[in-house]
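**Student:** Below are the C-alpha cells for one structure; questions will follow.
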Amino acid sequence: MASTLVHRLFQFAADQPSAPALHGHDPQGKPTLLTWGDYGTQVREVAAGLAGLGVNAEDRVGIIANNRPEWVIAQFGIMSANAVPAPMYTTLQAEQCAFVLDHADLTVVFCDTAEQAAKLREAAGSRALKIIALVPFEAEDVTTLDELRALGRVDLSVAQARIDAIDPDAMGLLIYTSGTTGEPKGVMLRHRGLTLMADATLDRFPHLKNGIKYVSYLPLCHVAEQLMTNYFQLSSGGEVWFIEDPKDIRDALLEVRPEVFLGVPRVWEKMQAALEARLREATGLRAALARWALATELRGFDADVKRNDGKERVGLLRRLARRLVVTRIKEAIGLDQVGVAVTGAAPISESTLRFFASIGLIIYEGYGMSETSGVATSAEYRRPRFGTVGKPLNCVEIQIADDGEILLRGPIMTTGYLHREVLTAELLDGEGWVHTGDIGNLDAEGNLTITGRKKDILITAGGKNIAPAELEAYIQSIEGVGQAMVVGDRQPYLAALVTLDPEALGAVAQGAGVPEAELSALAQQPEVAAWVQSQIEEKCNARVARVQTVKKARVLPTEFTVDGGELTPTMKLRRKVVMQRYADDIATLYAG
C-alpha cells in the first residue's frame, strides 16, 4: 500500500467513491454521511484552501475540537497541504493553549465552538491567529470550513502539488503529551511510521484488513484514538461513527454495533460494574442460568488459550450458554458484532479481563505511547496472556535494561521532541533505543509485563522500592471500587486513597452491610471503610510480599475525574495533582 495515510485516503476515494466513510451529525443533530469520494474531495479542498491562506509546507496547524467528521477532514487537509497537524485537548485552559500556540508556532487553528474560539483569542494575545470554524457558530473574525473549501476550489492544482511533495520520512503529525509531569512535549511522528505501525497491528489481526465499523469517541488529539480512527481506517477502508461527547458512547454502541472497540481500562471497568449490578438483580433460576453460562464460556476460553493454537472450540454446552445468556448480554450493550476489543493507555486488572472473557469478549491489551506512534506491543489474536501486554509488533525490537527499564527500537519510533534537545537526548540513545521510563520484564514466550513507572517508584522509610501500579490494579479489582492510588514514599508503610464506583454502590453497601446511599454518604460510613480494608487484605495483600502490603485506606467521597484534573483525558492518574489535592487525607493515613 501507499507509504503515507494521505495517499491511502485518496486511493480509497478513487477505488470506492460511493462507499460510506464518515458518519456524524449536523448542528441540528441529524445524522450525516460522507462517502469516500466526499472525504477525498473535501480534504483536497481544505489542503488547497490552507495553501491559499499562506500555510507553507512543514508549517504546523492546530486543531482543538470534539470528535466529528470535520476533525479528520481538517487533519488530512493539513497533511495534504504538506503541513503538520498539531492537535490540542479541548480541556486545555487558555494559558496551556498559549504554550502550544507559541511552542508549535501556530498561526492557523481549527475549532468547533465559540467558547474554544474565545479561548484561542485569549491565548493568542497579540499573536496573529487565523481561526477556522469546523461547524458554524457565532464569533467575530472566524473563517468557516465552507469558506476555506471554497477558497481551495479556486485552484485545486496546488493541493496535488503539495501531496506529491510529501516526504514519507518527514514529520506528519505532532502529538502533544498530556503534561502529567510538567509542560507538554511535542512528539514528532513521521508519515512512514504511522503507516508501518498500522500495517504491523493489522498483521496481528488480519481479519480487520477488509474494512471495519468503528466508533470514535476518545480524544483524537491522543495517539490511541489516532490509531483507531485514522491509521486503521486509512489502511483498511470502512466506516467511522463520530461521537462528540464520550458520555453518549453507550447509546452509540447500541446504534452502530461496531466491529472493533477501544476502551481505556476505566471504560471497561464502568461497563463491568453496570453489568454486574444487573446480574445481581437476577434471582432464582434466572440467576443460576446466568452463573452457569458465564462459567461455561470462561472455561471454554481458558481451554482455547491453553491449547495456544489461535482457534476457538465451541462445543454443545458453550453454544447453548451463548444462545441463552452470553450473546444476549453482548447484544444488550451493543458489542455483539465486536471481533476485536482493545484496551491500553493505563493498567487494567486481570479480573476485568476475565469478566469480559466470560461474556465472550476477549479484550486485547496493548502497550505503547505517543513516542511509539501508538502501539509497540499487543496480545496475539486468540492467544492473550492476561497480566501481560503481549508481544512486540513485527517492526519493534524490545530490550530490558539492567535497571528493568523497557527499551524500544524501530521505524515507528519518534524522531524526538520538538524544540526539546535535552529531553530528546534523554529519550533516544545513540543506538536508537527509546527509553520508555516504564519498568517491566519478558516471559518465556516473549510477552511483556509492565510493573510500573520509574518515576512512580515509592521508596519507603525502610528503603524498599515499591512499584504502586501492581497494587493499584489489585485494589481496583474489588467490586465497587472505582480508582485507587497507593502512597507511602518515605513513609513507614503503604496506604491508599480509594474512590467508589457510582455504578456499583449496591455491591459496596451489600458488602459493608449498610443501606445503599449516595456515593458521598456511603464513603463516609465506617462500615464501608472497614469493608474496603478487608477486601484489600483479601484481593491485594494476600497476593504480595509483606513490604508491599497496604496497611490503611482512605475512602474518598468523590471520584477522580478528567474535569477535576486528577485524570488525564485518557484517564491516567495525575499523581502529583492527587497528592496535592488530597494532602490532608493522606496525612490522616499516617497520623498517630
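**Student:** Just to be sure before I move on: is Thr4 open to solvent by less than 60 Å² (accessible area, probe 1.4 Å), in contact (Cβ under 8 Å) with a residue 60 or more places away in the chain and among the hydroxyl-bearing types (Ser, Thr, Tyr) in the structure I sent?
**Tutor:** yes
**Student:** How many residues does segment 387-420 contain that are modelled with pLDDT of 95 or more, under 21 Å from the mean Cα position of the chain (by Cα) and surrounded by fewer than 19 Cβ atoms within 10 Å (Cβ to Cβ)?
**Tutor:** 0
**Student:** Could you run through segment 421-439 and say how many residues are assigned to a loop (DSSP other than H, G, I, E, B) and either open to solvent by less than 60 Å² (accessible area, probe 1.4 Å) or of a type in the set (Phe, Trp, Tyr) (or both)?
**Tutor:** 3
**Student:** Test of understanding: among Glu244, Glu255, which residue is more than 27 Å from Val389 (Cα to Cα), open to solvent by 10 Å² or more (accessible area, probe 1.4 Å) and in a loop (DSSP other than H, G, I, E, B)?
**Tutor:** Values: Glu255 fails: in a loop (DSSP other than H, G, I, E, B).
Result of the check over Glu244, Glu255: Glu244.
**Student:** Could you list, in sequence order, the residues of segment 322-343 that are within 28 Å of Val264 (Cα to Cα) and part of a helix (DSSP H, G or I)? Spell out the reasoning first.
**Tutor:** Residues of segment 322-343 that are within 28 Å of Val264 (Cα to Cα), as a first pass: 322, 325-343.
Result: Arg322, Val325, Val326, Thr327, Arg328, Ile329, Lys330, Glu331, Ala332, Ile333.
**Student:** Considering each residue of segment 406-420, count those that are hydrophobic (A, V, I, L, M, F, W, C) and assigned to a loop (DSSP other than H, G, I, E, B), and give that number. So that I can check it myself, show each step before the final result.
**Tutor:** Keep residues of segment 406-420 that are hydrophobic (A, V, I, L, M, F, W, C), which gives 406-408, 412-413, 418.
Next, only the ones that are assigned to a loop (DSSP other than H, G, I, E, B) stay: 412-413, 418.
Of the residues in segment 406-420, 3 are hydrophobic (A, V, I, L, M, F, W, C) and assigned to a loop (DSSP other than H, G, I, E, B).
**Student:** Which of (1) touching a helix residue (DSSP H, G or I) at 6+ places or on another chain (Cβ under 7 Å); (2) open to solvent by 60 Å² or more (accessible area, probe 1.4 Å) does Leu442 not meet, given it meets every other one?
**Tutor:** (1)
**Student:** Another question about this same structure. Answer yes or no: is there a residue in segment 560-575 that is touching a strand residue (DSSP E or B) at 6+ places or on another chain (Cβ under 9 Å), part of a helix (DSSP H, G or I), open to solvent by less than 70 Å² (accessible area, probe 1.4 Å) and polar (S, T, N, Q).
**Tutor:** Within segment 560-575, not a single residue is touching a strand residue (DSSP E or B) at 6+ places or on another chain (Cβ under 9 Å), part of a helix (DSSP H, G or I), open to solvent by less than 70 Å² (accessible area, probe 1.4 Å) and polar (S, T, N, Q).
**Student:** Any residue at all in segment 14-25 that is at pLDDT 95 or above, part of a helix (DSSP H, G or I) and out of contact with any Pro (no Cβ under 9 Å at 6 or more places or on another chain)?
**Tutor:** yes
**Student:** Next question. Please work out if Thr107 is in contact with a Gly (Cβ under 9 Å, 6 or more places away or on another chain), hydroxyl-bearing (Ser, Thr, Tyr) and at pLDDT below 95. Outline the logic, then answer.
**Tutor:** Working: in contact with a Gly (Cβ under 9 Å, 6 or more places away or on another chain): yes; hydroxyl-bearing (Ser, Thr, Tyr): yes; at pLDDT below 95: no.
No, not satisfied.
**Student:** If you check Arg313, Arg291, which single one turns out to be free of Cβ contacts under 8 Å to residues at least 12 places away in the same chain, open to solvent by 90 Å² or more (accessible area, probe 1.4 Å) and either part of a helix (DSSP H, G or I) or more than 21 Å from Ser477 (Cβ to Cβ) (or both)? Steps first, answer last, please.
**Tutor:** Numbers: Arg313 fails: free of Cβ contacts under 8 Å to residues at least 12 places away in the same chain.
So the residue among Arg313, Arg291 that is free of Cβ contacts under 8 Å to residues at least 12 places away in the same chain, open to solvent by 90 Å² or more (accessible area, probe 1.4 Å) and either part of a helix (DSSP H, G or I) or more than 21 Å from Ser477 (Cβ to Cβ) (or both) is Arg291.
**Student:** Then there's this: Spot the failing condition for Gly334; the list is (1) surrounded by 21 or more Cβ atoms within 10 Å (Cβ to Cβ); (2) over 22 Å from Leu442 (Cβ atoms); (3) small (Gly, Ala, Ser), and only one is missed.
**Tutor:** (1)
**Student:** I'm told Gln96 meets every condition in (1) within 25 Å of Tyr39 (Cα to Cα); (2) of a type in the set (S, T, N, Q); (3) in contact with a Gly (Cβ under 8 Å, 6 or more places away or on another chain) except one. Can you identify the failing condition by its number?
**Tutor:** If we test Gln96 against (1) within 25 Å of Tyr39 (Cα to Cα); (2) of a type in the set (S, T, N, Q); (3) in contact with a Gly (Cβ under 8 Å, 6 or more places away or on another chain), just (1) comes out false.
The values are calculated or read from the model by the stated rules, or taken from the named source; none is laboratory data. What you are looking at is a predicted structure, and each value in this text was computed from that prediction instead of being measured. Glycine gets a Cβ as well: all are built from the backbone with ideal geometry, and neighbour counts include every protein chain shown. Just the protein is used for accessible areas: all its heavy atoms, side chains included, with ligands, DNA and RNA removed. Shrake-Rupley method; radii C 1.70, N 1.55, O 1.52, S 1.80 Å.
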